[in-house]
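The values are calculated or read from the model by the stated rules, or taken from the named source; none is laboratory data. Everything numeric in this text was worked out from a predicted model, so none of it was measured. Here the Cβ positions follow ideal geometry from the backbone for every residue, glycine too, while neighbour counts run over all protein chains shown. Please note that ligands, DNA and RNA were not included when accessible areas were found on the heavy atoms of the full protein model with its side chains. Shrake-Rupley method; radii C 1.70, N 1.55, O 1.52, S 1.80 Å.
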Amino acid sequence: MFDVRVEDTADSEIVGVARHLLDHALAADLRDDRFSDSWVREINSPTHTFIASVATGDAHPVGFVGGTVESGRLQLDALVSPHSRWDQAEVFDALLRSILEPALSPIAVRVDSVEVWGKPAYDWHASVLHAHGFEQVRALQQMRCALPVAADAIPTRSFRPGHDDDALIRVNNRAFVDHPDQGGWTLETLQQRMAEPWFDPDGVRLFERDGQLAGFCWTKIHQQPPLGEIFAIGIDPDFHGQRLGVPMTAAGLAWLHDQGLAEGMLYVECDNTPAVRTYERLGFSTVRIDRAWHKDR
């Protein structure tokens, strides 16, 4: 039988387990850098409470469910190896119970809601979470394309920190009014993003019309594997209907190709049909679907 233990400290061993499971649970072409050094810094910050459950069998990690509590919201990531002799749903169920059941969990702060992500999502995520009363609330497509793309890019310039901050925040918040991750930015939010080790002001491409910021394409470079991500693309609603989506995305992809990258990547909500069609016209295709499930406590 596999063993389950719960940890409330993100020490080097737990981080190593998370990274090990990422390497063994996902195919090489679907891996990402979600357990990067910046993630370690974030989960160890004073504003977060870390919690993780690890399953071990035959002296090897076979499952990991972990994340943080912030402002009463517990957000978890779930990975289970497909290469062990145990059923993935059985392992995931044991890991989830060890965190959610009060008699087993060491969480010492208030938890009002729980969100669990499958990246990518599998049937065992859905079956176990539905049995625990969770409902799916989000579905994201990860799409990729070869670089360069054939579409013409719109002329853009680099973001200038300290000069363009207010304009970028304004357009971002107008473009992402109801978005759970990208909306409601403040100067502090922007400064946190700019403090990330991957931030490059040249990779934030701005398009202006008549002296007004009309849109931006914010890119991000992943080292392992080498991918150029369209981190966020926002068009001010005043400029909707002017067919800026494709050339703005192309501008970001062109900048990424200039940095020596051969593959582009982005995430888009599955129900955002217009955006998905725009990206398909640029040559993107879906490689995986990530899903999130939610439950109030």
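Odds and ends about this structure:
- Within the range 37-58, residues that are under 13 Å from Gln75 (Cα atoms) and in a loop (DSSP other than H, G, I, E, B) reach partners that are at pLDDT 85 or above and open to solvent by 30 Å² or more (accessible area, probe 1.4 Å) with beta carbons closer than 8 Å, at six or more positions or on different chains, in the pairs His48/Glu70.
- The number of residues in the range 29-39 that are surrounded by fewer than 13 Cβ atoms within 10 Å (Cβ to Cβ) and among the aliphatic types (A, V, I, L, M) comes to 0.
- The set of residues in the range 1-28 being outside any helix (DSSP H, G or I), of a type outside the set (A, V, I, L, M, F, W, C) and crowded, with 16+ Cβ neighbours inside 10 Å consists of Glu7 alone.
- When restricted to residues that are among the hydrophobic types (A, V, I, L, M, F, W, C), closer than 24 Å to Arg73 by Cα and touching a residue at least 40 places away in the same chain (Cβ under 8 Å), the range 1-20 contains 6.
- The residue of the range 277-297 that is modelled with the lowest pLDDT, among those that are surrounded by 17 or more Cβ atoms within 10 Å (Cβ to Cβ) and of a type outside the set (Phe, Trp, Tyr), is Thr278.
- Taking the criterion of being of a type in the set (Ser, Thr, Tyr) and not in a loop (DSSP other than H, G, I, E, B), the only residue of the range 148-173 that qualifies is Ser158.
- Taken over the range 261-282, the residue count meeting the criterion of being part of a loop (DSSP other than H, G, I, E, B) and either under 15 Å from Lys220 (Cβ atoms) or touching a residue at least 60 places away in the same chain (Cβ under 8 Å) (or both) is 5.
- Residues located in the range 59-79, provided they are more than 23 Å from Thr189 (Cα to Cα) and in a strand (DSSP E or B): His60, Pro61, Val62, Gly63, Phe64, Val65, Gly66, Ala78, Leu79
- Residues (part of a helix (DSSP H, G or I), open to solvent by 20 Å² or more (accessible area, probe 1.4 Å), touching a helix residue (DSSP H, G or I) at 6+ places or on another chain (Cβ under 9 Å) and under 13 Å from Leu227 (Cα atoms)) located in the range 245-260: Trp255
- Residue match in the range 110-129 (condition: in contact (Cβ under 8 Å) with a residue 40 or more places away in the chain and under 20 Å from Asp11 (Cβ atoms)): no
- Test: residue in the range 94-109 that is of a type in the set (Gly, Ala, Ser), under 21 Å from the mean Cα position of the chain (by Cα) and open to solvent by less than 20 Å² (accessible area, probe 1.4 Å): no
- The range 174-237 holds strands (runs of 3 or more DSSP E) entirely within its bounds, and those carrying 1 or more residues that are open to solvent by less than 70 Å² (accessible area, probe 1.4 Å), among the polar types (S, T, N, Q) and in contact (Cβ under 8 Å) with a residue 12 or more places away in the chain map to 212-222.
- Applying the set (1) surrounded by 16 or more Cβ atoms within 10 Å (Cβ to Cβ); (2) within 29 Å of Lys220 (Cβ to Cβ); (3) touching a residue at least 60 places away in the same chain (Cβ under 8 Å) to Ala139 leaves exactly one unmet item: (1).
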